[in-house]
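For reference, the structure discussed in these notes is given below.
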Amino acid sequence: MEVLLRLIIRVHSRLPSRSPPRRRCLSSGAGGSSLPRLPPAALVAGSSRELLHTLRSQVEVRTEFISEVEEVALMQELEPGLRKKRYQFDHWDDAIHGYRETERVRWGDVCEGVLSRVRSVAFPEGSPLLGPVHVLDLDKAGYIKPHIDSVKFCGSTIAGISLLSDSVMRLVKEGTTNEWLDLLLPRRSLYILRDQARYDFTHEILKDEESVFHGHRVPRQRRISVICRNLPV
Ligand code: OGA
Ligand code: MN
């Protein structure tokens, strides 16, 4: 299974990373997300208005997609299995640094309820999904390098819930450095990437030191993502 997981993503051509200025803190960082409740448009920043407009239906962030109770239920199901694994830091060719991961097919009632909500809001009706849900546990020092999920194994849509920490996801148009979107992913939010945003842009999760959104620092703690994907047609 792990081999399949690793096939889903590969490190993408290293793009020079922009380093936005650091300013105020958006989150206190300790424990819960203390981001103010932001309207959806405030969660996506971009290199130009045109790009924001073009991708508006292909990039979504929904805050408070799960409740605190649901986050606890997900953690209770996932933590025992994750705890048995070690974070991996030393694979130079991995797209992900400082992570452990698993896949899960069967879930308890509360978690199944969350996942069926993800399926109904994120995927076109009738679209066949990748059976197991992917669970990625990033250490506080972990991060995801720019990559595009394998088109061989995954279809047009990627939807992920963020647990335990706020984070910043960056999308950069493949082969460029000046066409980008930054997504603020508050703890307990759902993000959805579709079509062009999924196929033509790399995505990454910024490391703590670089985790800045709109000039505001977004401290990164340990972060777990629960990711659903559909199958290629
Ligand atoms: C991946 C990935 C994003 C996330 O595993 O391919 O991009 O939210 N994960 O963890
Ligand atoms: Mn990915």
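A few remarks follow.
- Sequence-distant residues sharing a close amide H with L231 (under 5 Å, placed H): L129, L130, G155
- Here is how the number arises for the chain: DSSP H runs of 4 or more residues each give -39500 (n - 2.57), the sum is divided by the residue count, and the result at 222 nm is -6000 deg cm²/dmol.
- GluC sites (Glu not before Pro) lying in DSSP loop within region 181-233, provided at most 15 other Cβ fall within 10 Å: none
- Simple spin-label estimate for R222 and R119 gives 2.9 nm between the two label positions (7 Å along the Cα-to-Cβ direction from each Cα).
- Exposure proxy ranking for S47, S67, S120, S211, based on other Cβ atoms within 10 angstrom of each Cβ and starting from the fewest, stands as S120, S67, S47, S211.
- Taken about its Cα centre, region 76-115 carries a charge dipole of roughly 220 debye when the Cβ of each Lys and Arg holds +1 and the Cβ of each Asp and Glu holds -1.
- Cβ-placed point charges (K, R +1; D, E -1), dipole of the chain about Cα centre in debye, nearest 20: 440 debye
- Within the chain, longest stretch clear of exposed trypsin sites (Lys or Arg not before Pro) (DSSP loop, no more than 10 other Cβ within 10 Å): 153-233
- Residues E179, E50, ranked from the fewest to the most other C-beta atoms within 10 Å, line up as E50, E179.
- Here, region 140-193 yields an orientationally averaged convex hull projection of 4.5 nm² when only Cα atoms define the hull.
- Over all Cα atoms in region 106-233, the spread is summed up by Rg and Dmax: 14.6, 44 Å.
- Between the listed residues L55, L129, Y143, the Cα displaced farthest toward the positive end of the dipole of the chain, a dipole computed from Cβ unit charges relative to the Cα centre, is found at Y143.
- Across region 161-233, the convex hull enclosing all Cα atoms gives 94 Å³ per residue.
- Ranking of T176, T157 by count of other Cβ atoms within 10 Å, fewest first: T176, T157
- Note on region 73-118: Cα Rg divided by 2.2 N^0.38 Å, N the number of residues, gives 1.42.
- Percent of Cα pairs exceeding the 22 Å cut-off, where the set is region 56-167: 39 percent
- Cross-link partners of K140 among lysines (Cα-Cα below 22 Å; sequence separation of 8 or more within a chain): K84, K85, K207
- In the chain the Cα-Cα distances spread across 5 Å bins starting at 0 as 1, 6, 15, 20, 22, 19, 11, 4, 1, 0 percent of all pairs.
A short reminder: the numbers here are calculations on the coordinates, not readings from a lab. Predicted model only: the values in this text are computed from it and were never measured. Cβ coordinates were reconstructed from backbone atoms using ideal geometry, including for glycine residues, and neighbour counts include every protein chain displayed.
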